[in-house]
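Data block below; observations after.
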Amino acid sequence: SAVISQKPSRDICQRGTSLTIQCQVDSQVTMMFWYRQQPGQSLTLIATANQGSEATYESGFVIDKFPISRPNLTFSTLTVSNMSPEDSSIYLCSVEGRGQETQYFGPGTRLLVL
Amino acid sequence: RKEVEQDPGPFNVPEGATVAFNCTYSNSASQSFFWYRQDCRKEPKLLMSVYSSGNEDGRFTAQLNRASQYISLLIRDSKLSDSATYLCVVNMSIGEVEGSQGNLIFGKGTKLSVKP
């Protein structure tokens with residue numbers, strides 16, 4: 001499986017500010033994904049990030065709130081904009097796995113918004 | 001109706017016990033099924049895929065019943081290190097659909113605690 005790293009691993013932010021989360025993969029992958037896992041909840045897909053095109057957002061998530069970049073096949077960023085306490089969550093990036101049916105996850109970024 | 005539902009848990013079992021988790025899914029067109037394991041404050045990690053014929057990996061056995069839209073995970077001779085949350089995951093993609101890898105639907109997970 002791919003080795004995936006995320007930065008920062010955790011952060012505490014003030015409401016109204018923005019945070020950019022980085023995801024780095026040790027091999028080239030076509031598709032990268034961004035998820036959110038709120039406390040006690042399952043993982044929810046925010047968007048799919050393809051290199052060279054705009055990200056595809058799931059229902060309930062919009063580009064203005066969660067802008068995504070995918071400048072190459074090994075890197076992506078997710079920005080959480082104009083944060084509120086409701087954005088406190090774990091944000092995880094993932095990449096396609098073997099057989100392209102599964103996904104492998106980065107270690108996650110724990111975000112607390114005060 | 002939730003797309004993927006799991007036993008609420010938590011399951012508290014002694015070492016050596018056999019424990020079974022159940023999961024149901026709502027979309028009959030679902031194609032692929034998985035169990036992931038998530039340790040506390042860690043990312044989910046793929047435990048095993050689930051096939052119609054059933055599959056076994058050491059102490060772990062996964063079963064799929066497409067007619068009942070039901071998935072199960074059996075852990076035999078449980079170890080302290082098995083303590084984690086087990087996530088039932090369903091891939092809703094159909095064939096070679098662009099972006100299909102993004103259609104993983106996660107259950108909320110079942111927490112297992114194995115005690116000495």
Practice task
Kindly provide the set of residues from the range A:4-40 that are within 14 Å of chain B (Cβ to nearest Cβ), surrounded by fewer than 16 Cβ atoms within 10 Å (Cβ to Cβ) and within 22 Å of B:Leu104 (Cβ to Cβ), ordered by number.
Solution key: A:Ser5, A:Thr30, A:Gln38, A:Pro39, A:Gly40
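What is the residue count in the range B:7-37 for residues that are at the interface with chain A (Cβ under 9 Å from one of its Cβ atoms) and either modelled with pLDDT of 90 or more or not in a strand (DSSP E or B) (or both)? Steps first, please.
Keep residues of the range B:7-37 that are at the interface with chain A (Cβ under 9 Å from one of its Cβ atoms), which gives B:31-32, B:34, B:36.
Going one step further and asking which of them are either modelled with pLDDT of 90 or more or not in a strand (DSSP E or B) (or both), we end up with B:31, B:34, B:36.
Number satisfying all stated conditions: 3.
Only one of A:Gly97, A:Gly108 is on the phi > 0 side of the Ramachandran plot and buried (at least 16 other Cβ atoms within 10 Å of the Cβ); which? Before you say what the answer is, go through the steps one by one.
Details: A:Gly97 fails: on the phi > 0 side of the Ramachandran plot.
Exactly one residue qualifies, and that residue is A:Gly108.
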Completion exercise
Looking across the range B:43-58 at residues that are among the charged types (D, E, K, R) and surrounded by 14 or more Cβ atoms within 10 Å (Cβ to Cβ), the single one that is farthest from the other protein chains (Cβ to nearest Cβ) is B:Lys45
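Filter the strands (runs of 3 or more DSSP E) completely within the range A:16-71 down to those with at least 3 residues that are over 28 Å from B:Glu3 (Cα atoms) and either modelled with pLDDT of 95 or more or out of contact with any Pro (no Cβ under 9 Å at 6 or more places or on another chain) (or both).
Where strands (runs of 3 or more DSSP E) fall fully within the range A:16-71 and carry at least 3 residues being over 28 Å from B:Glu3 (Cα atoms) and either modelled with pLDDT of 95 or more or out of contact with any Pro (no Cβ under 9 Å at 6 or more places or on another chain) (or both), they are A:19-25.
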Exercise for the section: Working only within the range A:1-15, note down all residues that are within 16 Å of B:Lys42 (Cβ to Cβ), of a type outside the set (A, V, I, L, M) and in a strand (DSSP E or B). Expected result: A:Ser5, A:Gln6, A:Arg10
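The values are calculated or read from the model by the stated rules, or taken from the named source; none is laboratory data. Predicted, not measured: the structure shown is a model, and the values here were computed from it. Positions of Cβ are generated from backbone atoms using ideal geometry, with glycine treated the same way; all protein chains shown enter the neighbour counts.
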